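Structure, as structure tokens:
Where a number appears in this text, it was derived from the coordinates with a stated rule and is not lab data. The model shown is predicted, which means the values in this text are computed figures rather than measured ones. Because the Cβ atoms are built from the backbone with ideal geometry, glycine has one as well, and the counts that use them run over all protein chains shown.
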Amino acid sequence: MNVVVDFAFSRIMELCMYDVNDFTEGLESNPIYYENLQLSKSMKTFKYICSNIPGPGCNMDNYVEQFCGCNCRPNCEPISCPCIKQQGLNYQNGRLLENIICGDSSKAILECNSKCSCVRACSNKLVQNGIKYKLEVFTVKNKGLALRTLETIPRGSFVCEYAGEIVSEEEAIKRSKNLTKDDMNYLFILNEHCASGIIQTFIDPKYKGNIGRMINHSCDPNLTMYPVRINNSIPRLALFANTDIERLVELSFSYGTSSNCDTGNKKACYCGTAMCTNYLPFDTSVFL
Ligand SMILES: C[S@@+](CC[C@H](N)C(=O)[O-])C[C@H]1O[C@@H](n2cnc3c(N)ncnc32)[C@H](O)[C@@H]1O
């Protein structure tokens with residue numbers, strides 16, 4: 001009991017002492033700095049969270065711990081661990097497997113969970129252990145704020161999640177209705193194609209979110225997003241390096257493929273890559 005109290009006390013002390021320029025308010029294991037930035041109005045009421053939380057309309061039934069745990073100790077072996085055997089191997093040496101990076105985007109990534117007996121450093125626990133690389137928020141012409149790395153990130157490494165409030169479709173539509181062409185859009189709609197149809201997950205880090213909300217779109221991105229499941233069926237949107245990323249390079253992922261709107265909401269893309277399609281991808285389904 002004392003240990004728990006001591007731990008809680010030292011955590012409170014840590015939080016009281018976090019650097020004022022730490023975007024994560026001391027909540028991530030490494031501070032993520034931003035200096036001399038013009039923060040938009042919405043940033044002043046923004047609350048940092050490390051991973052998804054249920055927002056308005058979220059189905060709480062999906063939030064309970066749903067998966068069984070393994071009894072592997074201390075680490076999991078691919079041939080014997082039931083979690084790995086269920087969905088296949090995901091990581092090797094702390095990186096996403098090459099065959100997943102090279103295109104098996106349909107593979108379900110299931111990590112060991114809080115019911116498992118394996119250690120925190122288990123080879124099947126990566127996303128849940130949080131951000132490892134030193135990152136920095138900075139400003140880019142025409143794109144607003146952005147995120148870059150302060151150290152080299154090898155291909156296949158986990159960088160961060162795109163985390164926010166999980167909201168219902170109705171709430172997503174409500175939040176999108178008031179957006180003008182000039183507003184930044186943070187709502188991400190994940191469409192997962194499965195045997196029973198398309199499962200949609202609406203993640204909005206506008207008011208409550210993690211550092212992933214600072215990452216801009218690129219038509220030739222250096223990060224790729226994979227849905228990862230840990231304790232329940234709600235996907236965590238994990239961003240992995242799809243190439244070696246040098247120090248000070250801006251991090252980017254593709255917001256999607258569709259730019260199928262003629263609603264006047266089309267927004268110019270300033271990713272500046274040779275592959276640029278000139279417009280940001282745009283999912284019209286919630287902009288009715
Ligand atoms: C998730 S936010 C990214 C962080 C944002 N730049 C900020 O300052 O908070 C998405 C918004 O950033 C801007 N953005 C992202 N990528 C862009 C790009 N390639 N070109 C132009 N604007 C971009 C758009 O306004 C978009 O709606």
(request) Among T273, T243, T24, T257, rank each residue by its count of other Cβ atoms within 10 Å, from fewest to most, as a rough exposure measure. (result) T257, T273, T243, T24
(message) If you wrap a convex hull around the alpha carbons of the stretch 163-267, what volume per residue comes out, as a whole number of Å³?
(response) 145 Å³
(request) Calculate, in nm to one decimal, what N30 and A108 gain on full extension: separation in residues at 0.36 nm each, minus their alpha carbon distance. (result) 25.2 nm
(message) Net charge around M214, counting only other residues with Cβ within less than 11 Å of its Cβ (Lys, Arg = +1; Asp, Glu = -1)?
(response) +1
(message) Using the Karplus curve 6.51 cos²θ - 1.76 cosθ + 1.60 with θ = phi - 60°, what ³J(HN,Hα) values do you get for each residue of the stretch 233-244, in whole Hz, with x for Gly and Pro?
(response) 7, 6, x, 9, 8, 9, 9, 10, 5, 9, 7, 6
(message) Could you compute the net charge surrounding S157? Neighbours are other residues with a C-beta less than 10 Å from the C-beta of S157; K and R count +1, D and E count -1.
(response) +2
(message) Just to check I understand the Karplus step: with θ = phi - 60° and J = 6.51 cos²θ - 1.76 cosθ + 1.60, what whole-Hz values come out for the stretch 157-172, glycine and proline as x?
(response) 6, 6, 9, 6, 8, 9, 10, x, 7, 8, 10, 6, 4, 4, 5, 5
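For N232 and K44 in the same chain, what is the full-extension length gain: residue separation times 0.36 nm, less their Cα-Cα distance, in nm?
64.5 nm
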(request) Please arrange S80, S196 by counting, for each residue, the other beta carbons lying within 10 Å of its beta carbon, fewest first. (result) S196, S80
(message) At 0.36 nm per residue, and after removing the present C-alpha to C-alpha distance, how many nm does the segment from E246 to K134 gain when stretched out fully?
(response) 39.1 nm
(message) Using a 10 Å cut-off around each Cβ, can you sort I79, I101 from fewest to most neighbouring Cβ atoms?
(response) I79, I101
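Among residues other than Y279 whose Cβ falls under 9 Å from its Cβ, what is the net charge (Lys/Arg +1, Asp/Glu -1)?
That works out to +2.
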